[in-house]
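Since the structure comes first, as structure tokens, the remarks are kept for the end.
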Amino acid sequence: MRALLRRLSGLWAFLLLVTADVAIASQVVDSVRMHRAPDHTRLVFDLKGPVEHELSRLRDPDRIVLDVRDIDLAYDLAQLDLAATPVSGIRTGKHEDNRTRVVFDLKEKVRPRTNMLQPVEPHGWRLVLDLMDSEPEPVKSMEQLVEAQEGPQPMIVAIDPGHGGEDPGAIGPSGVYEKDVVLQIARRLYRMMDERQGMQPVMLREGDYYIPLAERRQMAAEKHGADVFISIHADAFTDPRARGASVFALSNQGATSARARYLARISNESDRVAGVHESERGNANGLMDVLADMTMSGSMTHSIFLGEQVLEELGGITRLHGNRKRVEQAGFAVLQEPSMVSILVESGFLSNRQEERKLTDPNHQEKVARSILRGVDRYFRHHPAPGSWYAAQRARNGREHRVASGETLSAIAQRYSVSTGALRRVNDIQGDTIRAGQTLRIPEGGAD
Ligand SMILES: [Zn+2]
């Protein structure tokens with residue numbers, strides 16, 4: 001049947017060629033989306049197949065003209081909210097040769113570009129028009145930022161809400177988008193961290209737009225000088241029964257489970273789903289170098305330790321996936337930055353109906369955010385960076401140790417190279433009885 005159709009459509013194309021003035025069948029375009037990002041405006045035309053198109057810029061007054069062949073534009077572009085964009089108005093018209101002309105009147109100059117995208121789940125063919133803002137926001141250099149600050153430095157935490165814009169991430173059974181849920185959780189986390197002494201959060205995505213994975217890492221490391229990078233997700237799995245939160249770090253020897261490998265693969269597809277330009281994609285060939293750097297700098301060990309703290313906190317408020325208290329590892333592209341301690345938090349499964357509901361609940365979102373905050377805080381307390389607020393706190397109060405289940409006083413004393421007597425003294429303990437979860441002060445004098 002397929003073959004017959006193909007042959008018929010070939011014949012049809014031939015007939016059209018010989019009768020060139022017969023109108024060519026147009027594809028109906030009934031869906032157009034717009035995403036406003038900090039540095040560009042993206043328009044996406046959903047298509048049934050590829051189209052021929054041409055882009056041009058006209059001056060006096062400034063406008064962008066997009067000519068598309070053989071489409072019937074059934075979407076009313078007047079519905080698009082242009083308020084935050086450099087576009088003042090959009091006009092459309094039908095011209096000869098079955099050409100649809102879309103004219104964008106501009107308030108500010110832009111650099112336009114188009115990109116014809118092949119189908120990738122959950123999208124079909126797409127024509128993307130990017131209007132790049134001409135004047136990027138002036139950014140203070142790291143030196144200026146560092147000079148402006150005195151005294152103990154806050155630890156900088158980059159919060160990365162996964163997906164965005166053309167990339168919805170996972171879609172729950174009742175239609176909840178991962179990109180929306182993770183942005184809500186990220187905003188809560190930002191507010192909590194912003195109120196805390198000792199840490200300074202930065203948000204990598206603040207609205208419904210997409211940022212290439214490589215750019216997320218770069219923004220965090222180079223623009224903000226982040227110490228810690230936390231990517232927040234709520235992905236799906238093929239089995240709708242799968243549920244529970246989990247935490248991931250980058251791996252230097254393959255994935256630690258089939259699910260970790262699967263999630264890393266899905267996660268690394270984001271750039272393709274979002275339609276990132278080839279020129280903006282990171283270089284995946286550098287992975288071996290990155291892994292070597294991460295191992296050398298210890299950020300891999302630190303990432304796993306941070307992950308364990310966050311996982312333990314999450315375990316107190318929600319089910320953990322498979323009840324495993326273990327940080328999983330796989331080749332997540334967004335975590336490949338040696339200068340930062342990086343984890344990816346899967347806050348639950350959107351593919352599970354119950355968890356989909358929980359993840360949209362403000363109370364639950366608040367709990368997830370607070371767990372991440374607490375885990376990060378514990379990590380900073382254990383590993384206070386020199387010159388940081390946490391280091392100043394430790395110098396003032398001494399070190400702290402949170403007792404894990406099964407730990408004995410003498411094991412803790414040995415770990416910090418202090419005597420059990422000194423531990424008893426500063427913590428006011430009689431005998432050897434300590435309990436899990438208890439925080440002990442560690443007297444100075446021993447090695448860490
Ligand atoms: Zn995700």
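Taken together, the values in this text are just the output of simple stated rules run on the coordinates, not laboratory data. Computed from a predicted model, the values in this text were never measured in an experiment. Here Cβ is always computed from backbone atoms with ideal geometry, including for glycine, and neighbour counts include all displayed protein chains.
General observations
- For segment 398-442, the square roots of the Cα gyration tensor eigenvalues, ordered a ≥ b ≥ c, give a/c below 1.5, which places it in the rounded category.
- Whether segment 35-126 is rounded, prolate or oblate, judged on the alpha carbon gyration tensor where a/c under 1.5 counts as rounded: oblate
- Candidate cross-link partners of Lys109 among the aspartates and glutamates, defined by an alpha-carbon separation under 15 Å and a same-chain spacing of 8 or more, comprise Asp39, Asp60, Asp62, Asp130, Asp133, Glu135, Glu137.
- Most mobile of Ala292, Ala395, Ala221 in a GNM of the chain (Cα contacts under 10 Å): Ala395
- Taking amide H positions as modeled 1.01 Å from N, with prolines and chain starts lacking one, no residue 5 or more places away or on another chain lies under 5 Å from Asp167.
- Angle in degrees between helix 258-268 and the longest Cα principal axis of the chain, rounded to the nearest 10: 50
- Net charge in the neighbourhood of Arg188 (other residues with Cβ under 10 Å of its Cβ; Lys, Arg +1, Asp, Glu -1) is +3.
- CD proxy at 222 nm, helix term only [per DSSP H run n ≥ 4: -39500 (n - 2.57); per residue of the chain; nearest 500]: -10000 deg cm²/dmol
- Pairs spanning more than 26 Å between alpha-carbon atoms, out of Lys179/Lys223; Lys223/Lys325; Lys94/Lys179; Lys325/Lys367; Lys179/Lys367: Lys223/Lys325; Lys94/Lys179.
- Taking a Cβ cut-off of under 12 Å around Gln309, the surrounding Lys, Arg, Asp and Glu residues balance to a net charge of +1, with basic ones at +1 and acidic ones at -1.
- Shape of segment 152-382, Cα gyration tensor, a/c cut at 1.5: rounded
- Annotation: the antiparallel percentage among DSSP beta bridges lying fully within the chain is about 70.
- Gaussian network model of the chain, Cα within-10 Å springs - most flexible of His401, His364, His123: His401
- Listed residue (Ala220, Gln438, Ala245) projecting farthest to the positive dipole end of the chain, Cβ model: Gln438
- Protection proxy ranking, peptides 46-57, 264-275, average beta carbon neighbours within 10 Å, highest first: 264-275, 46-57
- Positive minus negative residues near Leu55 (Lys, Arg vs Asp, Glu; Cβ under 10 Å): 0
- Estimated FRET transfer efficiency when R0 is 22 angstrom, pair Arg113-Arg59 (beta carbons, to 0.05): 0.75
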